[in-house]
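What follows is a short report on a single structure.
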Amino acid sequence: MTDRLYFSGTTGVLGVFGHPIAHSLSPSMHNAAIEALGLDYVYVPFDVAPENLRQALEGVRALGIAGVNVTIPHKSAVIPYLDEVEEDAREIGSVNTISNMGGRLVGASTDGPGFLRSLAETGFAPRGSRVVVLGAGGAGRAVTFALAKTGAHVVVLDEAQGKAEQLAVEVARVAGEDCARAEPVLARLAEHLRDAELLVNCTPVGMHPRDDRMPVPAELLRPDLLVYDLIYNPIKTKLLTAAAAVGACTMNGVKMLVYQGAVSFRIWTGKEPPVPVMEAAVVERL
Ligand code: NAP
């Protein structure tokens with residue numbers, strides 16, 4: 001958190017709405033960035049119960065809060081209360097960044113751009129590549145839309161087959177028929193992974209505290225597969241450990257978390273975010 005003891009009438013207030021919120025790494029990450037750039041802002045965590053979401057958003061307008069992130073369980077629920085929702089966020093049905101433009105609340109999703117920027121750091125080029133996305137929840141939707149719109153061929157699998165199918169249909173409508181398909185989970189996972197160059201785990205399987213689980217059997221991992229796990233706690237999941245053991249390249253969720261935050265920070269402040277400072281703040285908390 002910030003060491004600042006004094007805020008003035010000009011201090012811009014930013015924050016995050018979630019429930020629960022105590023575990024959120026966003027306050028540490030954004031306040032570190034604010035301090036590094038010497039900006040007159042503060043970023044505050046707000047525990048907003050679902051039944052109070054509407055009033056909390058009215059509070060953003062009434063109090064002149066400059067912007068908020070939105071996290072579980074509000075990412076979809078906020079949409080009806082906003083004045084405007086950017087196209088990407090509307091497509092995935094999820095908003096994680098709200099800007100207060102003089103009382104007008106504008107929603108955006110920075111998860112897709114955050115994911116793509118982190119993926120670019122691995123040197124992986126998504127266009128024309130074959131990708132298996134596991135999990136068609138909020139994160140899976142953002143990742144699948146982002147990949148398909150850059151020209152990747154994505155197969156989405158989810159325990160809930162209907163969810164994966166629905167996502168594949170929506171993505172295909174936007175990105176083209178050959179960009180997204182859905183398959184019954186596990187039934188054809190082995191077959192799709194055999195052809196894939198990238199596996200993205202967008203399920204919570206392997207997340208703290210149940211970190212002894214993995215969403216894919218170890219024997220399906222290969223050295224020429226890039227294995228990206230969106231989970232950032234623990235930093236090295238059982239899936240990533242197994243992937244590294246067969247010689248595969250791996251990526252954890254820290255960079256995506258940092259880059260989605262960096263995009264939000266730029267939207268609110270108009271400043272270039274100090275990414276290494278933000279990443280160090282996250283890693284310190286983990
Ligand atoms: P979510 O909305 O609950 O979606 C997870 C989806 O995975 C659900 O549809 C779930 O199905 C499905 N699933 C669960 N176990 C599965 C399995 N074994 N095989 C196939 N599908 C399975 O969660 P989320 O918000 O998308 O988050 C998913 C993960 O991504 C979390 O670990 C979260 O921390 C991480 N995440 C990271 C970042 C980042 O910046 N690094 C950003 C967002 C999310 P059911 O609904 O039937 O259980």
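The values are calculated or read from the model by the stated rules, or taken from the named source; none is laboratory data. In this text, all values refer to a predicted model and were calculated from it rather than measured experimentally. Cβ sites come from the backbone with ideal geometry, for glycine too, and all protein chains shown count toward neighbours. To get the accessible areas, we keep the full protein, side chains included, count just its heavy atoms, and leave off ligands, DNA and RNA. Shrake-Rupley method; radii C 1.70, N 1.55, O 1.52, S 1.80 Å.
Observations, loosely collected:
- Out of Ala164, Ala139, Ala172, sole residue that is over 20 Å from the mean Cα position of the chain (by Cα) and outside any strand (DSSP E or B): Ala172
- Residue within the stretch 113-121 that is farther than 21 Å from Ala182 by Cα, away from the ligand (no atom under 16 Å from the Cβ), of a type outside the set (Ser, Thr, Tyr) and surrounded by fewer than 24 Cβ atoms within 10 Å (Cβ to Cβ) present: no
- Scanning the stretch 144-167 for residues that are within 7 Å of the ligand (Cβ to nearest atom), of a type outside the set (D, E, K, R) and crowded, with 21+ Cβ neighbours inside 10 Å yields a total of 1.
- Restricting Gly176, Gly162, Gly112, Gly151 to those that are closer than 25 Å to Gly18 by Cα and of a type in the set (Gly, Ala, Ser) reduces the list to Gly112.
- Any chance Arg141 is within 15 Å of the ligand (Cβ to nearest atom), open to solvent by less than 60 Å² (accessible area, probe 1.4 Å) and of a type in the set (D, E, K, R): yes
- Residues being among the hydrophobic types (A, V, I, L, M, F, W, C) and within 13 Å of the chain's Cα centre (by Cα) - total across the stretch 87-102: 3
- The one condition in (1) in contact (Cβ under 8 Å) with a residue 24 or more places away in the chain; (2) more than 17 Å from the chain's Cα centre (by Cα) that Gln260 fails to fulfil: (2)
- Among the residues listed as Val106, Val131, the single one being surrounded by fewer than 20 Cβ atoms within 10 Å (Cβ to Cβ) and assigned to a strand (DSSP E or B): Val106
- Residue list for the stretch 203-250, restricted to those being within 27 Å of Gln161 (Cβ to Cβ), open to solvent by 20 Å² or more (accessible area, probe 1.4 Å) and within 17 Å of the chain's Cα centre (by Cα): Thr203, Pro204, Val205, Met207, Leu230
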